[in-house]
Amino acid sequence: MNGRGLYRYLGTPEKMNEREVYACKKYIRKHRAAMKQMGKVLLDLPALLTPFRLDCENCRLVHRETCCEGGQPYAVENQQADLLERESGAIASQFWSEREQRGWAAEGIWDKHYGLGTIRMDHGNCLFYKEMNGRYGCSIHAYAEKSGVDVVSLKPFSCQLYPLEVIDTGEIILLTALTEETASFSRWGTDYLEHFYCASIERRKAAVHLDENLFSLTGYKPAYLWNLPLLHALLGPDTAQSLELLGYISEQENLVT
């Protein structure tokens, strides 16, 4: 067994490197006392309570480029890849012209170099990143909401994960969120912390030039609240107890401040 052991990012076949595995192990050892295990899931309570403000509809307006642009999503695992491929024709028919749909049929949705699971790029962005009704966004998400398809099952796992991070250590599943410390092993890295208002309330406070309704300061809330459907999928029967615990700690912190 190599130095990485069984550590891996959940929801993608892409691997953590040795540096990331080392940083993750070190982080868990350092903060284990502040974490709470629910079944097989280890809740990183302090990180999950970190404030975030996701304002995806206005992200491009403020930052000129969103996290969906300029690259490919993390690859999806086989089960999700099969579902996405089955639904891809229906997605294309809703948001692309007939000529573009013929291009999809000819080229497929997967990257020719990396193969099944890695969505190919189009004009430098994810294939599914699309202008719809005057706004840019994920056509997979838009299709799922419009068609009644389960978003959690269809949309690439990593694309719906932020600001959370989920790592399978081979023994437990670490559920954490992006912070200055977790950035050393998170799939999100430091980019969001350094450049985007969603991950830094202090950066947003300093941006006095912005309209108060864009990434509004009153809209920041604990990281775990931005992804409740995914939490339900991960935690299963332990969801209610976990949310109650997180909510209680959040309330106590608010009382102190």
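For region 185-210, the set of residues classified as aliphatic (A, V, I, L, M) and in a helix (DSSP H, G or I) consists of LEU193, ALA199, ILE201, ALA206, listed by residue number. Annotation: of all residues in region 171-184 being out of contact with any Lys or Arg (no Cβ under 8 Å at 6 or more places or on another chain) and in a loop (DSSP other than H, G, I, E, B), the one that is nearest to LEU6 (Cα to Cα) is GLU171.
Quick one: would you say ASN133 is at positive phi, out of contact with any Cys (no Cβ under 9 Å at 6 or more places or on another chain) and either modelled with pLDDT under 90 or open to solvent by 40 Å² or more (accessible area, probe 1.4 Å) (or both)? Yes. If you go through region 241-251 and keep only what is open to solvent by 70 Å² or more (accessible area, probe 1.4 Å) and modelled with pLDDT under 85, you end up with TYR248, GLU251. As a summary of the residue check, ASN227 satisfies the conditions (1) modelled with pLDDT under 95; (2) under 22 Å from GLY71 (Cβ atoms); (3) touching a Ser or Thr at 6+ places or on another chain (Cβ under 8 Å) except for the one numbered (3).
Applying the condition of being in a loop (DSSP other than H, G, I, E, B) and out of contact with any helix residue (DSSP H, G or I) (no Cβ under 6 Å at 6 or more places or on another chain) to region 73-83 and asking which residue is surrounded by the fewest Cβ atoms within 10 Å (Cβ to Cβ) yields GLU77.
In region 117-130, of all residues being aliphatic (A, V, I, L, M) and crowded, with 16+ Cβ neighbours inside 10 Å, the one that is nearest to ARG60 (Cα to Cα) corresponds to LEU127.
Scanning region 90-116 for residues that are part of a strand (DSSP E or B) and open to solvent by 90 Å² or more (accessible area, probe 1.4 Å) turns up just one, LEU116. Taking CYS138, is it under 16 Å from the mean Cα position of the chain (by Cα), in contact (Cβ under 8 Å) with a residue 60 or more places away in the chain, over 27 Å from VAL21 (Cβ atoms) and open to solvent by 30 Å² or more (accessible area, probe 1.4 Å)? For CYS138, the condition - under 16 Å from the mean Cα position of the chain (by Cα), in contact (Cβ under 8 Å) with a residue 60 or more places away in the chain, over 27 Å from VAL21 (Cβ atoms) and open to solvent by 30 Å² or more (accessible area, probe 1.4 Å) - is met. Looking at ARG60, ARG8, ARG86, just one residue is open to solvent by 30 Å² or more (accessible area, probe 1.4 Å), closer than 21 Å to TYR114 by Cα, among the basic types (Lys, Arg) and in contact (Cβ under 8 Å) with a residue 24 or more places away in the chain, and that residue is ARG8.
Screening LYS146, LYS130 for residues that are among the charged types (D, E, K, R), touching a residue at least 12 places away in the same chain (Cβ under 8 Å) and not in a strand (DSSP E or B) leaves exactly one candidate, LYS146.
Considering each of TYR192, TYR220, TYR197 in turn, give the residue that is of a type in the set (Ser, Thr, Tyr) and buried (at least 21 other Cβ atoms within 10 Å of the Cβ). Result: TYR197 is the single residue among TYR192, TYR220, TYR197 that is of a type in the set (Ser, Thr, Tyr) and buried (at least 21 other Cβ atoms within 10 Å of the Cβ).
For region 25-44, a tally of residues being in contact with a strand residue (DSSP E or B) (Cβ under 6 Å, 6 or more places away or on another chain) and open to solvent by less than 40 Å² (accessible area, probe 1.4 Å) returns 5.
The values are calculated or read from the model by the stated rules, or taken from the named source; none is laboratory data. Quick caveat: nothing in here was measured; it's all calculated off a predicted structure. Don't worry about glycine lacking a Cβ; one is built from the backbone with ideal geometry, like all the others, and counts go over all protein chains shown. Side chains are part of the model used for accessible areas, which takes the heavy atoms of the whole protein and leaves out ligands, DNA and RNA. Shrake-Rupley method; radii C 1.70, N 1.55, O 1.52, S 1.80 Å.
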